[in-house]
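The block underneath contains the structure these notes are about, expressed in structure tokens.
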Amino acid sequence: NKAAEITGFTRDEVIGKDLVEVYITEEFRVSVKEVLDNALRGREAANFEFPLFTKDKKRVEVLLNATTRKDASGNAVGVIGVGQDITERKQVEEEKTRVAKELQTFIDTANAP
């Protein structure tokens, strides 16, 4: 299971636990809960980013898409959340930004009288 591979938690360890309260960092609990609550009300979310901590306390950046799950009558009965580990992509983006700033500083300094 991909979630277990990313987080280090087994299915049995997470079933029945409050996802937001147990696995989401305090600073993102309100916004993640809002995304999930909105999806339950039919307002789906795409490409919501937040950090999650693994069983061994490693920070993983997650890209979440939350979709309303409906019954045959069209009533919302749950939320399907699809998360993707984007940690490596975020690190590459941060490194590119850092290098661009260094280059700009170098150019500005080189052009100084």
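The values are calculated or read from the model by the stated rules, or taken from the named source; none is laboratory data. Fair warning: this is a prediction, and the values are worked out from it, not measured in the lab. Positions of Cβ are backbone-derived with ideal geometry, glycine not excepted, and every protein chain shown enters the neighbour counts. When the accessible area is computed, the model is the full protein with side chains, heavy atoms only, and any ligands, DNA or RNA have been set aside. Shrake-Rupley method; radii C 1.70, N 1.55, O 1.52, S 1.80 Å.
Name the pairs whose Cβ atoms lie under 6 Å apart, with the first residue in segment 81-108 and within 26 Å of residue 48 (Cβ to Cβ), the second at pLDDT below 90 and part of a helix (DSSP H, G or I), and 6 or more positions between them or separate chains?
Qualifying pairs under 6 Å: 85/6.
What helices (runs of 4 or more DSSP H) lie completely within segment 10-113 and have 3 or more residues being among the aliphatic types (A, V, I, L, M) and under 16 Å from the mean Cα position of the chain (by Cα)?
Numbers: elements: 11-14, 19-23, 26-40, 87-110.
Filter on segment 10-113 gives 19-23, 26-40.
Is there a residue in segment 42-49 that is under 17 Å from residue 7 (Cα atoms) and out of contact with any Pro (no Cβ under 9 Å at 6 or more places or on another chain)?
Filtering segment 42-49 down to residues under 17 Å from residue 7 (Cα atoms) leaves 49.
Narrowing further to those that are out of contact with any Pro (no Cβ under 9 Å at 6 or more places or on another chain): 49.
The answer is yes, given that some residue of segment 42-49 is under 17 Å from residue 7 (Cα atoms) and out of contact with any Pro (no Cβ under 9 Å at 6 or more places or on another chain).
Just need a number here: residues in segment 56-73 that are surrounded by fewer than 13 Cβ atoms within 10 Å (Cβ to Cβ) and within 23 Å of residue 87 (Cβ to Cβ).
Summing the residues that are surrounded by fewer than 13 Cβ atoms within 10 Å (Cβ to Cβ) and within 23 Å of residue 87 (Cβ to Cβ) in segment 56-73 gives 4.
Out of the residues in segment 16-30 meeting the condition of being among the charged types (D, E, K, R) and open to solvent by less than 90 Å² (accessible area, probe 1.4 Å), tell me which one is modelled with the highest pLDDT. Walk me through it before giving the result.
Residues of segment 16-30 among the charged types (D, E, K, R): 17-18, 21, 26-27, 29.
Among the residues that remain, those that are also open to solvent by less than 90 Å² (accessible area, probe 1.4 Å) are: 18, 29.
Numbers: 18: 86, 29: 93.
Looking at the filtered set, the residue picked out is 29.
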